[in-house]
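Q: The following block contains the structure, expressed as structure tokens.
The values are calculated or read from the model by the stated rules, or taken from the named source; none is laboratory data. Quantities reported herein were computed from a predicted structural model and do not represent experimental measurements. Here the Cβ positions follow ideal geometry from the backbone for every residue, glycine too, while neighbour counts run over all protein chains shown.
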Amino acid sequence: MAENIKVKIDSDIETEMKKKRETDELIRIMLDVNPQINILFDDNFNFIDCNPAAVDFMGFSSKEETLEKFVIAVTKGIPELQPDGKPSVPLIQRLAVAAKEGSVRFETLINIKGVNRTLDVVFKRIPYEKSFVIVGYVYDLTSISEREMELIHAKEKNELQLTKLNAVVNATKIGLWDVTIVNNDPVHPDNVFTWSDEFRYMLGYTNEIDFPNTFESWNSRLHPDERNEAHKAVLMHIQDRTGKTPYDVDYRLLCKDGKYEYFRACGEAIRDKNGNVIRVAGAIIDINESKKVLSDSQKQRMEAEAASKAKSVFLSNMSHEIRTPLNAIIGMTTIGKMADGIEKKDDAFNKITRASKHLLGVINDILDMSKIEANKLELSPIIFNFKDMFQKVYEIISSRIDEKKIKFYIKVDKNIPQTLIGDDQRLTQVITNLLSNAVKFTPDGGSITLDSMFISENNGMYLIQISVSDTGIGITEEQKGRLFESFEQADARTSRNYGGTGLGLPISKRIIELMDGQIWIESAPDKGSKFIFTVLLKRGDDPENKLTGTDQNNANAAIDQLKGKTIILAEDVDINREIVITLLEPMRLNIICAESGKAALDLFKESPDKYDLIFMDIQMPVMDGYEATRAIRAFENDIDNDNAGFTESETRKEPRQKIPIIAMTANVFREDIDKCLNAGMNNHIGKPIDFNEMIAVLRKYIKA
């Protein structure tokens, strides 16, 4: 009896073991035919098994070689940083998270056999005997179509095979679908649809009740713009008996959260021996992130290409804008040398002057744009007379207005304060630019109006509107959108027909924004244009001791004030010294030249009371202007300290005034001016030298 029981137990055990072996073999077969990469780790995170898909992916010759070299290859293949700039997480840490939390899903970049691949990885902890193992499901996002077709070409022929495969991939991001076709009719009402749970999860659904196994579940959620294309792809694949028309289509599906997400579906028709379709099965994956990355990449590429094209056009225009006045300067210089009469020479000199001013304007625009792009454009507010500023603008533009016989009108609102506090030079720059454009695009005999209007006042801050209107060619709505973009003009013909750098309006816009204002345009083709902008300026008291330019009326006063005075000109370039000496010759000044900062310092130390002012260049050999200025100030402080040592019984020296030092340099950025002032200089004059500005500075700092 006991022996019979033992035999039965042994038989039962053998039967169970056989079933287990069959189950293990079935699982092994399932893994072997699965195109999804599957890997296995033990509870100590040792790599212990994988399927053939993993061997193929790693590029090894056998599973044994894969087991031996897998961890090393993966560790070496994962870069220090991922594409998003974040540090890569080591494999061991990912496994630890899966062991602790049950599962982990992540994307990673890895280099396998010299090829960069993006992987979607799921690690799941599965109980095994008395411990656990960690199963890895790896999806190669860089070869989506290849993996999908491998899945489809497995040609699962019955529901059992599909169910088994679904069990293997239910923890991955691959959704499965299967349609049993009745009477070879893809739209037959009795066709049976089956959607995998993973597909439902992708859309945010957790059960078959919310997302039934019906055609309508899928069709009703297709994006309306892509529904016809999705249907057409299925029909074309089914109708092509040659198998040359694959079913591989991207479309958007409505998810449970109300958002449309991108998916890729692919499948293959299974036919009977007569070629009739009896089933279509396939897979679907979420490609929303891939689409987003691709869309962003395409957008960035298009923007980069557009910017590159715009800058190429800009550089071409800039070359023209620079070479044109240079050609005039060089050509008229030659003509002036060859001319016999004084009138021809004067005419050549006048044209050289105009071309030089135009070239300087182009260069200033380039420098301003570079400061704008570096966010270093700043304002230098002072007290200024509003009407005088308008008059100055007119004087700048008047010759061009007269050449084209344009009627010009100026309107100043009487409610605008006479004096304001702001950067009048930048404001002049904006208005001059708008007027220059108006003159450029207004035909001969047309009209231009410069208008100003008081808008409002709040705590001494005045909102003022200024406009420039013309009777020119006008601008289309499409062109308006590009006017204030850097390196852009209304269209390509603008530069060819009228010239210009395309920088004036972007610079003007930035200046206006710094003044807490806005700029806009009202225009239509052939009906003229009106540029309007606002600025916020503080009311100022009547300016005292305001510097004014020198003209014929006050030239004699300047000579009376400056003649006989002695200055040091610290400048290492011969032609620059010649220009200053020649310009100042009518002032009857005594000019002592120094070819370096060290030479200027030595001259001053030798006789500090002899000199009334120093013009100091910055970039000089031996000792630059900054160092020379600091040395002069230090020497003056030593003199003051010696003077302070006298006793009451001794003759006390009168405190001496420090000599004015004026920077005269081509370094004209705001930071350059600040650097000069911080070094101890009193003021700054930019090169090319403005004669009126130079005389005004001399009169300010040299007392009669």
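Q: Among what's in the range 592-626 and is aromatic (Phe, Trp, Tyr) and assigned to a helix (DSSP H, G or I), pick the residue that is farthest from Met664 (Cα to Cα). Can you show your working first?
A: Within the range 592-626, the subset aromatic (Phe, Trp, Tyr) is 604, 611, 615, 626.
With assigned to a helix (DSSP H, G or I) added as a condition, the list becomes 604, 626.
Numbers: Phe604: 18, Tyr626: 12 Å.
Step by step, filter the range 592-626, then rank; the result is Phe604.
Q: Follow-up question, since we're still on this one. Just checking, does the range 46-56 include any residue being of a type outside the set (A, V, I, L, M), farther than 30 Å from Leu176 by Cα and at pLDDT 90 or above?
A: As a first pass, look at the range 46-56 and keep what is of a type outside the set (A, V, I, L, M): 46-47, 49-52, 56.
Then drop every residue that is not farther than 30 Å from Leu176 by Cα, which leaves 46.
Now drop any that are not at pLDDT 90 or above, which leaves 46.
Yes: one or more hits.
Q: Then there is this: Quick test for you: out of Ala281, Ala233, pick the one residue that is in contact (Cβ under 8 Å) with a residue 60 or more places away in the chain, outside the structural domain of Tyr137 (by TED's automatic domain parsing) and within 22 Å of Thr180 (Cβ to Cβ).
A: Values: Ala233 fails: in contact (Cβ under 8 Å) with a residue 60 or more places away in the chain.
One residue alone meets the criteria, Ala281.
Q: If we scan the range 305-317, do we find a residue that is in a helix (DSSP H, G or I) and either at pLDDT 70 or above or in contact with a His (Cβ under 8 Å, 6 or more places away or on another chain) (or both)?
A: Kept after step one, since they are in a helix (DSSP H, G or I), are these residues of the range 305-317: 305-317.
If we keep only those that are either at pLDDT 70 or above or in contact with a His (Cβ under 8 Å, 6 or more places away or on another chain) (or both) too, we end up with 305.
So far as the range 305-317 goes, yes, one or more of its residues are in a helix (DSSP H, G or I) and either at pLDDT 70 or above or in contact with a His (Cβ under 8 Å, 6 or more places away or on another chain) (or both).
Q: Would you mind stating whether Asp424 is surrounded by 14 or more Cβ atoms within 10 Å (Cβ to Cβ) and either in contact with a Cys (Cβ under 6 Å, 6 or more places away or on another chain) or free of Cβ contacts under 8 Å to residues at least 60 places away in the same chain (or both)?
A: Values: surrounded by 14 or more Cβ atoms within 10 Å (Cβ to Cβ): yes; either in contact with a Cys (Cβ under 6 Å, 6 or more places away or on another chain) or free of Cβ contacts under 8 Å to residues at least 60 places away in the same chain (or both): yes.
When the stated conditions are applied, Asp424 passes them.
Q: While we're on this one: Do we have Leu601 as assigned by TED's automatic domain parsing to the domain that holds Ala679, closer than 21 Å to Ile695 by Cα and crowded, with 19+ Cβ neighbours inside 10 Å here? Break it down into steps so the answer makes sense when it comes.
A: On the way: assigned by TED's automatic domain parsing to the domain that holds Ala679: yes; closer than 21 Å to Ile695 by Cα: no; crowded, with 19+ Cβ neighbours inside 10 Å: yes.
Taking the combined requirement at face value, the residue does not satisfy it.
Q: Moving to a separate point now. Look at the range 397-421 and say how many of its residues are closer than 16 Å to Ile431 by Cβ and without any contact (Cβ under 8 Å) to a residue 40 or more places away in the chain.
A: Counting residues in the range 397-421 that are closer than 16 Å to Ile431 by Cβ and without any contact (Cβ under 8 Å) to a residue 40 or more places away in the chain gives 2.
Q: Also, quick follow-up: Please state which of the following conditions Phe484 fails to meet, knowing it meets all the rest: (1) farther than 28 Å from Ala666 by Cβ; (2) modelled with pLDDT of 85 or more.
A: (2)
Q: Here's something else I'd like to know. Take Asn274 and decide whether it is without any contact (Cβ under 8 Å) to a residue 40 or more places away in the chain, assigned to a loop (DSSP other than H, G, I, E, B) and under 16 Å from Gly175 (Cα atoms). Please lay out each step first, then the result.
A: On the way: without any contact (Cβ under 8 Å) to a residue 40 or more places away in the chain: yes; assigned to a loop (DSSP other than H, G, I, E, B): yes; under 16 Å from Gly175 (Cα atoms): no.
In short, no.
Q: Where in the range 44-131 are the strands (runs of 3 or more DSSP E), entirely inside, with at least 1 residues that are touching a Gly at 6+ places or on another chain (Cβ under 9 Å), under 24 Å from Asp286 (Cα atoms) and touching a residue at least 24 places away in the same chain (Cβ under 8 Å)? Show your work before the answer.
A: Values: elements: 47-50, 103-112, 115-128.
Per the criteria, 103-112, 115-128.
Q: Which one of these is β-branched (Val, Ile, Thr) and surrounded by fewer than 16 Cβ atoms within 10 Å (Cβ to Cβ): Ile431, Ile406, Ile455, Ile416?
A: Values: Ile431 fails: surrounded by fewer than 16 Cβ atoms within 10 Å (Cβ to Cβ); Ile406 fails: surrounded by fewer than 16 Cβ atoms within 10 Å (Cβ to Cβ); Ile416 fails: surrounded by fewer than 16 Cβ atoms within 10 Å (Cβ to Cβ).
Checking each option against the conditions leaves just Ile455.
Q: So which of Asp638, Asp672 is of a type in the set (Asp, Glu), touching a Ser or Thr at 6+ places or on another chain (Cβ under 8 Å) and at pLDDT below 90? Outline the logic, then answer.
A: Details: Asp638 fails: touching a Ser or Thr at 6+ places or on another chain (Cβ under 8 Å).
Result: Asp672 is the single residue among Asp638, Asp672 that is of a type in the set (Asp, Glu), touching a Ser or Thr at 6+ places or on another chain (Cβ under 8 Å) and at pLDDT below 90.
Q: Right, something else. Could you tell me which of the residues Glu107, Glu156, Glu129 is on the phi < 0 side of the Ramachandran plot and at pLDDT below 80?
A: Values: Glu107 fails: at pLDDT below 80; Glu129 fails: on the phi < 0 side of the Ramachandran plot.
So the residue among Glu107, Glu156, Glu129 that is on the phi < 0 side of the Ramachandran plot and at pLDDT below 80 is Glu156.
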